[in-house]
Structures are given as C-alpha cells and as structure tokens.
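Okay, so here's the structure we're looking at.
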Amino acid sequence: MSISFAPPAMRAAASDLAVSVSPLGLIELSDEEFEVHGQRMARYASYWAAYLGYMWAYKAAPGETQVTANYARALTEYAVNFSFGRGVHFTSGSKKHEHTIPALLKRIWEIDNDKKPLVWEIGLQASVSGDSFIKVAYDPGYTDPAGNEHPARVRILPLNSAHCFPEWHPHDRERLIRFKLKYRFWGIGSDGTRQAYTYAEVITDDTIAEYINDQLIEGEGIKNPRPNPLGQIPIAHIPNMPVPGSPWGLSDMQDVLALNRQYNETATQISEIVAYHAEPVTVVIGAKASNLERGAKKVWSIPNKDATITNLDGLVDLDGPIALLDQLKRMMHEMTGVPETALGQVQAVSNTAGVALAIQYQPMMHRYNLKKMVYETGFRKINELALRTLFLFEPEMLTYDADTEGIRHTDQDEKIDPADPEVYLTDCEWPEPLPVDVLVKLNEIQIMMELGLESKRGALKALGEEFPDEKMQEIYEELVQDVEEQGALDMLRAQINSAILQKTGIAPEGVEPPMPATPASEGQPATSPMNLGLAPQDEAHKVLTELVTQAHGTRTLPRRNSENNPAQESR
C-alpha cells in the first residue's frame, strides 16, 4: 500500500518515507493492553489463522500428507452471504425527513463508498473475529498529479479488529470514552534502510492524538493533539453474537474450529492408511529378495519349491473412520445451522414452496434473525456518525435539493436541523434471504390491495423498492405521458378524417356522416361540416396536402450521384 492510506497527519510527518503497511499488522502490546485485551487478541489470531487455512499445530515432514478441509471458512462465508448477500436498504425513521435522509444515505453508502462489498466485509470481520469496528471519516476532495478531480466524500472504514483497543465506561457498556487504533507498518527511514514503525491514534470525545513509535507526530502545520470536530468518537462497534455481561461478541467459527481440526486429523489418518496399502509389502519366504526383480510383466524362477511369496494384507476396517468423518461434518452443520445441502451436495431439483424452504432453513433463519437484530443497531450508529460528519463538513447538504433528493411534501421541512434527534433515526430493510416466487408474492399483494389492506406505496416496499415515492411519481408521469400521446393520436386521427371528408365528401369508415350545414344568422357566419375539424384551416390544409401526396402523388426514387460513383461513370 502507498502512504496515502495513512491518516493525514501521518502522511505529513512521513512525507519523505516510502511506506507500505503490513497486511496482518502484528503489534507489540503494553502490559496494560495485554492484561485487558490479551485473550481477545489470541482468539482473533486463532480464528483468522484457521480462516486462512492454517489449521494444523505443526508442519508435516516432507513427503507426509496433511489433509485440510476448511469447513470453518466455508460455513462462515455461507452464513455471511446468507445474511448480507442481498444487501440492506436504509430509510428514515421519521416521516418529516423521508424526502432527504434516504437520498443522503444512498450518496454516502453507494457513491462515496462501495456499499455491497463494504457491508460484506463488515459482516465477515465480525463473523470471523466476533467483533467488527467501523470508523467514519471525511476525505477532502483533491486533484491528483494527472489532473483528475476527486470529490470529497464520507468514508466508512472497516478496521482490523486486532488493531482496535476500545475503552468503555465502567458502568455503561454502550458509552465509548476512549479508542486507540494501533498497527505496525514498514517504511524506509532517512538512512535508507527498511524499518518497522508503530502507528497509534487515540481518540476521545474532545481530542485526537497520533503517535509513531510512542512519539507524538510533530511537524510544520501539524497540531497534535488536535480537537475532535465531531464531538464524539467516530467508531461503531458491532458484536457478531452478543454475550450477556460482556462487550465482546462470539465468532461463528468458535464451535466449528475444534470439530474441523478433528475432521482433518481423521481424514489424514485415513489417507495414510490408503496410501500404505496402495503399495503393499511383499513377504518372501525361502528365497532371496535381491534375486527377484520387482515390477509388472516380470517372470520369477525360484528353485526352492517350498518358497512362498505373498503381499502383506491390510486388515484395517475403514468403515468406522469414514462414519466418524460423516458424523463430524454433520455436527459442524448443526453447530452453524447451515443445511448439509447448502455447500453443493447433490440434491433433487424441486419447486419447493417458500414456507417449506423456510422450515428446511429454520436453524439458519434463527441465526439470520439474531444477526439482523444486532447489526441493525450497529448500522444505525454508522448512519448517525456518517450524517453528522456530512453535515459538519458540507453544511450545504442541510438544504433540500429537489434534483438529487426525494419528493418533498408540504408538511416536510426544507432545511434539516442537525440538532433534531429525529434526523438520525434510520431503519434497516433486509431483503428476504431465501428465494421468493415473484408471482406468488404479486398475487398476495394484489389480494391485499383488493381487500383494502395494502397501499400502492406499501406494495412497492414489499417488492423491495428502496424509494417508493419516486417510483410512484415515475409511474404517474408515465401514465400522464401515455394519455398525452394518446390524445395527440386522437387529434391527428380527427384531422386526417376531416381532411378526407373535405377532399372526397365521403366520411371515412367508422366515422359518422357530417351534420347538415347551419345557415348564417345575423352577425354569425355560416358553419358547415367542412370547417368543424379540430385543426385550424392552415394546419388542416397542410394535413390534406400530405395525405394527397401520400395517396396520389408520385415519388422519385433517389439516384446515385454519378459524379461520385466511378462505376456509374464507366457506363
């Protein structure tokens, strides 16, 4: 990585260094950090090592086999994909802000950040580690050396949980009073050698301080520590599976890891047995083995008639170890709630109803519902921090913009009050994780609408529409356009019929014959069917001319220009 990934103050202090950050960021813990966070760091290291495939406590000797079936990673990723694979939508929890907040959140998550992989990364970090820490920051716009403009944006940054050292209030686990971000990186020092540096950022509600190797970063234009402009720590913590009485969460790998290691050991033993008996030992009695040539299509001549040559048979029964493998795998599925057929096991194709499918995936749905309950709280915190950051650095976003935001009703404010707590009330809408038959869903919604139990707006939300008001406005405008186009066709049809009647005196098929002319009265001109058309006289004459040309006129086909066609000139 380049140095641009470091915080601004760090970039300024180390502008003469070519820095690359270590992917694992191994750090040295102080005595206090080890006492408070040592066990948590050990759990993180064990889980991530297993996720990356390092599940053995020792390295096999050259030539030996170590079977590694990483079910822990497969089951964990399946749980993450099941919960976050279809994304999550954010709406306002207050009706008076429905026209602004959803559009601002859409900008933050989808324009300033890449929403789908970001949500997946947050879920994976928590699923493996047990805890996910998310930092919200503001990245000012800049112009790169190539002259490309990069607009300012609100960043949502998932952190490595092993680099995070939060400190909660001793009597309130929801109140974060101090947060330290600490990791190591490699850089080239002034003497030209590569050195390992430790970066630390300490954030409180009032100040932000940055350190390199326990020394405050200092330099021209750098104020350290500096005031925290947000007035609160911009960190959201999401425990994967909450533990009563503890701020930390449980990893999805916790109950699987020991079973997976036993599975690999048993599979390795079976593999060794199979490999041993695939090349059996030959037992020779009454002859010299050195005189016997091994290999296929060989002929042995042994003078001793009492000599015997046999292969050492294996008397090991593999049914028991194989049954143990099946049992261990079944236990891993039961611990995580993932059905055995979910990882690609062959099964008959069927049109299973949604209710039956939900029953089949009921353990997985229980875990999914628990994740929804926990992660919704975390996402609301992220949204609040992101909105506060946006309003702080871009106060113009407080004013309603009809071009980029939703439809504003008369009872909704034109300008957002950042001190209003209802501004930061957001709801999370999760699409159904299981497949949904759209036709069945539409039939259900149609019946509910016919019974007056559902509105069009509610129907759109039930079908997964993120912005139902805008969709309804789009449908309305399309209906208006259809009516206008149909009216234009009707007007044109009436003009054409009027022109035909004027030219031939015969009413077109399907058109009623004209009414007799009305004699002129005093002060009023006489009217006739010929001047009752919908178009003015000059426009009717234009339509009449076009119709006559189409019906009776001759059209000359375009000819090639011989001046530009050599083939034509040669003729």
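The values are calculated or read from the model by the stated rules, or taken from the named source; none is laboratory data. Keep in mind it's a predicted model, so treat the numbers as computed, not measured. Don't worry about glycine lacking a Cβ; one is built from the backbone with ideal geometry, like all the others, and counts go over all protein chains shown. For accessibility, only protein heavy atoms count, side chains too; no ligands or nucleic acids. Shrake-Rupley method; radii C 1.70, N 1.55, O 1.52, S 1.80 Å.
Couple of notes before you dig in:
- Taking the criterion of being within 20 Å of SER46 (Cα to Cα) and surrounded by fewer than 16 Cβ atoms within 10 Å (Cβ to Cβ), the only residue of the stretch 210-245 that qualifies is VAL243.
- Members of the stretch 160-185 found to be within 24 Å of THR198 (Cα to Cα) and either surrounded by fewer than 16 Cβ atoms within 10 Å (Cβ to Cβ) or of a type in the set (Ser, Thr, Tyr) (or both), listed by number: SER161, GLU167, TRP168, ILE177, ARG178, TYR183
- For the stretch 188-215, a residue qualifies if it is over 25 Å from ALA236 (Cα atoms), in a strand (DSSP E or B) and of a type outside the set (D, E, K, R), and the qualifying residues are ILE188, GLN195, ALA196, TYR197, GLN215.
- Unmet requirement for GLY295, which otherwise passes all of (1) surrounded by 13 or more Cβ atoms within 10 Å (Cβ to Cβ); (2) part of a loop (DSSP other than H, G, I, E, B): (1)
- Of all residues in the stretch 126-152, those that are part of a strand (DSSP E or B) and surrounded by fewer than 18 Cβ atoms within 10 Å (Cβ to Cβ) total 6.
- Taken over the stretch 245-289, the criterion of being in contact with a Gly (Cβ under 8 Å, 6 or more places away or on another chain), among the aromatic types (Phe, Trp, Tyr) and part of a helix (DSSP H, G or I) is satisfied by TYR276 alone.
- Only one entry in LYS116, LYS59, LYS96 is of a type in the set (D, E, K, R), over 27 Å from the mean Cα position of the chain (by Cα) and surrounded by 13 or more Cβ atoms within 10 Å (Cβ to Cβ), namely LYS96.
- Considering THR410, THR377, THR389, the condition of being open to solvent by 50 Å² or more (accessible area, probe 1.4 Å), part of a helix (DSSP H, G or I) and among the polar types (S, T, N, Q) is satisfied by THR377 alone.
- Unique match (being modelled with pLDDT under 90 and within 19 Å of PHE82 (Cβ to Cβ)) among ALA307, ALA287, ALA342: ALA342
- Considering the stretch 318-333, the residues that are in contact (Cβ under 8 Å) with a residue 12 or more places away in the chain and of a type outside the set (A, V, I, L, M) include one that is least open to solvent (accessible area, probe 1.4 Å), namely HIS333.
- Residue match in the stretch 448-463 (condition: among the small types (Gly, Ala, Ser), open to solvent by 70 Å² or more (accessible area, probe 1.4 Å) and free of Cβ contacts under 8 Å to residues at least 40 places away in the same chain): no
- Criterion violated by SER251 - all others in (1) surrounded by fewer than 17 Cβ atoms within 10 Å (Cβ to Cβ); (2) closer than 30 Å to VAL80 by Cα; (3) polar (S, T, N, Q) satisfied: (1)
- Checking each residue of the stretch 238-261 against the condition of being modelled with pLDDT of 80 or more, closer than 30 Å to LEU390 by Cβ, hydrophobic (A, V, I, L, M, F, W, C) and touching a helix residue (DSSP H, G or I) at 6+ places or on another chain (Cβ under 6 Å) gives at least one match.
- Residue among MET41, MET55, MET10 that is out of contact with any Lys or Arg (no Cβ under 7 Å at 6 or more places or on another chain) and either modelled with pLDDT of 85 or more or on the phi > 0 side of the Ramachandran plot (or both): MET41
- Residues of the stretch 418-430 that turn out to be open to solvent by 40 Å² or more (accessible area, probe 1.4 Å) and out of contact with any Leu (no Cβ under 8 Å at 6 or more places or on another chain), as a count: 6
- Considering the stretch 67-89, and only residues there that are part of a helix (DSSP H, G or I) and aliphatic (A, V, I, L, M), the residue that is most open to solvent (accessible area, probe 1.4 Å) turns out to be ALA74.
- Given (1) free of Cβ contacts under 8 Å to residues at least 60 places away in the same chain; (2) within 30 Å of GLU174 (Cα to Cα), number of the condition GLU293 does not satisfy: (2)
- Cβ-Cβ distances below 8 Å connect no pair with a first residue in the stretch 362-389 that is closer than 16 Å to HIS89 by Cβ, a second residue that is modelled with pLDDT of 95 or more and of a type in the set (Lys, Arg), and a separation of six or more residues or different chains.
Each row is one residue, and each column tells you yes or no for (1) closer than 30 Å to HIS89 by Cβ; (2) open to solvent by 70 Å² or more (accessible area, probe 1.4 Å); (3) in contact with a Lys or Arg (Cβ under 6 Å, 6 or more places away or on another chain).
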| position | (1), (2), (3) |
| --- | --- |
| PHE467 | yes, no, no |
| LYS471 | yes, no, no |
| VAL483 | no, yes, no |
| LEU501 | no, no, no |
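- In the stretch 142-158, the residues that are touching a residue at least 40 places away in the same chain (Cβ under 8 Å) reach residues that are acidic (Asp, Glu) and in a loop (DSSP other than H, G, I, E, B) with C-beta atoms within less than 8 angstrom, at least six apart or across chains, in these pairs: ALA152/GLU394; ARG153/ASP112; VAL154/ASP112; ARG155/ASP112; ILE156/ASP112.
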